[in-house]
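Enquirer: Provided herewith is a single structure, encoded as structure tokens, for subsequent inquiry.
Read the figures in this text as sums done on the coordinates, not as results from a lab. For clarity, every value in this text was computed on a predicted model and none was experimentally measured. Virtual Cβ from ideal backbone geometry, glycine too; neighbours counted across all protein chains shown.
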Amino acid sequence: MQNREFTKLKRNLTALVEFSRVVNSSLDLEFTLNNLLLTCLGKFFTTKGCIILSIQNEMKLLCSKGLSEDMILVFPSLAHIENVEDSKELHDFLLQSKLVYSEKICSPRRCLGLLCLGEKINQQEYSTEEKEFLVTILNIASTAIENAMFINELKEVNRMLDSRVNRLSSLFELGKEFGVLSDESRISKLLVYSLLGHFLLSSYAVVILDGNKLKILESTVPKAPLLEVLSHVNIRSIENVHDRSGIEKNFPNLSKYKFELIIPMQLQGEASGLLLLGKRMNNISYSETDLEFINSVGTLAIISLENKRLFQEALEKQKLEEELEIAKGIQRNLLPKEIPKLENFQISAVSISSKQVGGDYYDIIKTEDGRYFIGIGDVSGKGVPASLLMANLQAFLKSITKQGYDIADSTRIINDLVSENTTDGRFITFFWLLLNDQTKEITYVNAGHNPPLLIRGKKITYLDKGGMLLGVMKTIIPYESETVQLQKDDILVLFTDGVTEAKNRSDNEFSDQKLENILTQKTFSSSDEILEEIKRNIDEFVAGELQSDDITMVTFLVR
Amino acid sequence: MAEFSTTHRENGEVNIIELNGYLDAHTAQHLEIAISDLIVKNKYKVVVNFERLKYISSAGLGVFMAFIETMRSNSGDIKLAAMQPSVYNIFDLLGFPLLYEIFPTETEAVNKFNQ
């Protein structure tokens, strides 16, 4: 009898030593648990068993033998517990699985979980001796299990770190690449590839606001209907990420697309675009860190798209400025290089082009018989087109003045020519006069221009005889001309609306009244003085405000 | 700039794309073109040989995602083969093994199509 006991004891000890050697030789949790469970099944003659461990405060069924797949699937979701009695769900689960006996697995530091065993094949209860033996086995195994769990946790942390590193390097790479890509579609495509790679998306759409225009850059769903739905959404006001329930609540029309996330791509606190992301193909839900990453990638992309847009704008602006320089050049070259010295007239002129370059023009053309055509005009519009029409006008004037027609007839012909040459609704207001230096006589035609002022003894006469402005239609009603005999000290001022419409900061105009006051309240000794006085008053009035129209004047003082 | 190139071979019905060098945000477009070419020609059975690929970034992985549905809905697939461990790690990290078949060698991947 004693001998039998001894043999049994010896066999138990041998089993323990063997078991200890095996479980402590591996850090693989699965291997260790498997070994532990098999050892128990063999030792206690049972066909069923499982090991439940507490991992990150959650009870998990990690290893089982003899349990059906269906049983494993219904293992309840449980927070950390130490006794079967603490959880009715667990108690029921064990009952259903016919796991009749369980024992805690405890390391010296903490309770790791439970080992549960089924009925013994011989239907006998677990004896005290067997229970003690189980405790011993679990004590031996606990350290190995704890170590393996620790290694698993480390692996998990490592993996998370790898994932973070991977995301950071993605951000870095995208930042670099977005910087060199120049077109919108490449940027959005790359953004999509990156998100696809990271999240295995099943569906997606990338939407941006270009000014106020909504554009779908990428989409797995049909673009036109999506655009229609989104056109009713105030994109700029979307501040937060919306998940499935947020989408259903706030954007019910979008729910049919089954997007899981709407993430605004923000520029200076305002959404300039949206990322719409569907579910991940591995069925994992989006975590807080996922959202952070998507947000960062989205921001990078929208900044890059915005930069491209600004760059394009700057380019266009530069082109426009170059064009304006050209226009200014044309305009400068059209104006007379010098003003002729006359016997009975002092003449001064100025033309100041505005930032945008208007279409002001004045000219002095000497005829073969020694008289002078002096004209002032304002072409509608600005920039190069206005300058070109102005150049046309000058060419017409130069040739018509050689033909010997009277000034009214010449105006008719000019109007017909300009009308033929303008197709885009442009027109010219024009005034010109033919001056006889000997007789002090002028004959003028006013084609819709601000009437020049003739000041004689503080009294103003408006030179307004003429007809329609140039370029609107072919001449139907002939232009009228008027001849005026000038006298000593008469002042004549030709000007464009840039003078009287010069604006100050409060958007008030210099006005005809101010101009007339200057001319009637002072006595002038030279045409230069007249010009300077008007200019000084305008400068004072606008006080440095940039002018949108050219300012042009020709002043005469009769000697 | 990092170099990247692809070569294309056929083995029966199966199209083999060999990747060479660095597949990242910058070079992803090359792969995109290579796979689009196959789709244009109605070739949907693709094995990608990674043997000579030194580096892959998530944008590169995204390209495979972008085309997988087209291939599968035309009774084809993209199967991946012969990855270096560093490249496999990225695929593994981002959860690709769940969705893609990854083989140690090109032959095994081709054979899988022919089964």
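Enquirer: Dipole of the protein assembly as shown, Cα-centred, from +1 at each Lys and Arg C-beta and -1 at each Asp and Glu C-beta, to the nearest 20 debye? Kindly include the intermediate steps, with their values, before the conclusion.
Expert: Working: 72 positive and 92 negative charges, 318 e Å.
The calculation lands at about 1520 debye.
Enquirer: To make sure I understand, if each residue's beta carbon is the centre and we count other beta carbons within 10 Å, what order do A:GLU533, A:GLU228, A:GLU177 fall in, fewest to most? Walk me through the intermediate numbers first.
Expert: Numbers: A:GLU533 15, A:GLU228 10, A:GLU177 22.
Lowest count first: A:GLU228, A:GLU533, A:GLU177.
Enquirer: Using Cα-Cα distances under 8 Å and only pairs 6 or more residues apart, what relative contact order does chain A have, in percent?
Expert: Values: 927 pairs, mean separation 50.9, N = 559.
With pairs under 8 Å counted, the relative contact order is 9 percent.
Enquirer: How do A:LEU515, A:LEU417 rank when sorted from fewest to most other Cβ atoms within 10 Å of their own Cβ?
Expert: Working: A:LEU515 22, A:LEU417 19.
By the 10 Å Cβ count, ascending: A:LEU417, A:LEU515.
Enquirer: How do A:HIS232, B:HIS30, A:HIS449 rank when sorted from fewest to most other Cβ atoms within 10 Å of their own Cβ?
Expert: In order of increasing Cβ crowding within 10 Å: A:HIS232, B:HIS30, A:HIS449.
Enquirer: Across every pair of different alpha-carbon atoms, what Kirkwood hydrodynamic radius in Å does segment A:322-432 reach?
Expert: Working: mean 1/r = 0.0681 Å⁻¹.
The Cα-based Kirkwood calculation yields 14.7 Å.
Enquirer: Taking a ≥ b ≥ c as the square roots of the Cα gyration tensor eigenvalues, with a/c under 1.5 meaning rounded and otherwise prolate when a/b beats b/c, else oblate, which class fits segment A:181-310?
Expert: On the way: a/c = 1.42, a/b = 1.15, b/c = 1.24.
Because its axes are fairly even, with a/c under 1.5, segment A:181-310 counts as rounded.
Enquirer: Using +1 at the Cβ of each Lys and Arg and -1 at the Cβ of each Asp and Glu in the protein assembly as shown, identify which of A:GLN312, A:ASN34, A:MET59 lies farthest towards the dipole's positive end.
Expert: Checking the options against the dipole of the protein assembly as shown, the answer is A:ASN34.
Enquirer: Still on this structure, I have one more. Output the Kirkwood hydrodynamic radius of segment A:462-559, Cα pairs only, in Å rounded to one decimal.
Expert: On the way: mean 1/r = 0.0649 Å⁻¹.
Kirkwood radius, segment A:462-559: 15.4 Å.
Enquirer: Calculate the dipole size of segment A:181-310 relative to its Cα centre from +1 charges on Lys and Arg beta carbons and -1 charges on Asp and Glu beta carbons; express the result in debye to the nearest 20. Walk me through the numbers before you get to the answer.
Expert: Numbers: 14 positive and 14 negative charges, 79 e Å.
Here the size comes out at about 380 debye.
Enquirer: Magnitude of the Cβ-charge dipole of segment B:9-114, K/R +1 and D/E -1, about the Cα centre, nearest 20 debye?
Expert: Numbers: 9 positive and 13 negative charges, 20 e Å.
The calculation lands at about 100 debye.
Enquirer: Ok, one more. Among A:ILE518, B:VAL47, A:MET473, whose Cα lies farthest out toward the positive end of the dipole of the protein assembly as shown, if unit charges sit on the beta carbon of Lys, Arg (+1) and Asp, Glu (-1)?
Expert: B:VAL47
Enquirer: Quick one: grab Rg to one decimal and Dmax as a whole number for segment A:450-494, Cα atoms only, in Å.
Expert: Cα only, segment A:450-494: 13.4, 39 Å (Rg, Dmax).
Enquirer: Compute the angle between helix A:383-400 and the longest alpha-carbon principal axis of chain A, please, reported from 0 to 90 degrees and rounded to the nearest 10.
Expert: On a 0 to 90 degree scale, this one is about 20.
Enquirer: More than 22 angstrom separation, counting every C-alpha pair in segment A:437-518; what % is that?
Expert: Values: 1288 of 3321 pairs.
Beyond 22 Å sits 39 percent of the P(r) for segment A:437-518.
Enquirer: Regarding segment A:2-154, what are the three Cα extents along the principal axes, ordered largest first, in Å?
Expert: Reported extents, whole Å, longest axis first: 49, 38, 25.
Enquirer: Are any of the pairs A:LYS223/A:LYS279; A:LYS215/A:LYS258; A:LYS65/A:LYS98; A:LYS48/A:LYS131; A:LYS459/A:LYS514; A:LYS215/B:LYS43 more than 22 Å apart by Cα-Cα distance, and if so, which?
Expert: Details: A:LYS223/A:LYS279 19 Å; A:LYS215/A:LYS258 20 Å; A:LYS65/A:LYS98 12 Å; A:LYS48/A:LYS131 16 Å; A:LYS459/A:LYS514 15 Å; A:LYS215/B:LYS43 32 Å.
Among A:LYS223/A:LYS279; A:LYS215/A:LYS258; A:LYS65/A:LYS98; A:LYS48/A:LYS131; A:LYS459/A:LYS514; A:LYS215/B:LYS43, the Cα-Cα distance tops 22 Å for A:LYS215/B:LYS43.
Enquirer: Scale the Cα Rg of the protein assembly as shown by the rule-of-thumb value 2.2 N^0.38 Å and send over the ratio, two decimals. Working shown, then result.
Expert: On the way: Rg = 45.3 Å, N = 674, 2.2 N^0.38 = 26.1 Å.
Working it through for the protein assembly as shown, the quotient is 1.73.
Enquirer: Using a ≥ b ≥ c from the Cα gyration tensor of segment A:212-270 (square roots of the eigenvalues), is it rounded, prolate or oblate, where a/c under 1.5 gives rounded and otherwise the larger of a/b and b/c decides, a/b for prolate?
Expert: Values: a/c = 1.62, a/b = 1.08, b/c = 1.51.
Oblate shape, in that a/c is at least 1.5 and b/c is the bigger or equal ratio.
Enquirer: Follow-up question, since we're still on this one. Taking the DSSP beta bridges in chain B as the whole, what percent of them are antiparallel, to the nearest 5?
Expert: Details: 8 of 23 bridges.
Rounded to the nearest five, the antiparallel share is 35 percent.
Enquirer: Can you tell me the 0 to 90 degree angle between the C-alpha axis of helix A:2-24 and the longest principal axis of chain A, rounded to 10?
Expert: Compared with the principal axis, the helix lies near 10 degrees.
Enquirer: So for segment A:413-548, taking the charge dipole from beta-carbon charges (+1 Lys/Arg, -1 Asp/Glu), which of A:VAL418, A:THR500, A:GLN438 sits furthest toward the positive end?
Expert: The residue sitting farthest along the positive end of the dipole is A:GLN438.
Enquirer: With everything on Cα atoms, drop me the angle between helix A:29-44 and the longest principal axis of chain A, reported from 0 to 90° to the nearest 10.
Expert: So the helix axis and the longest Cα principal axis differ by about 20 degrees.
Enquirer: Continuing with this model, one more query. Sort segment B:6-115 into rounded, prolate or oblate with this rule: let a ≥ b ≥ c be the square roots of the eigenvalues of the Cα gyration tensor; rounded if a/c is under 1.5, and if a/c is not under 1.5, prolate when a/b is larger than b/c, oblate otherwise.
Expert: On the way: a/c = 1.44, a/b = 1.23, b/c = 1.17.
Since a/c stays below 1.5, the shape of segment B:6-115 is classed as rounded.
Enquirer: What is the Cα centroid distance between segment A:353-407 and segment A:74-118, reported in whole angstrom?
Expert: Computed from Cα coordinates, the inter-centre distance equals 103 Å.
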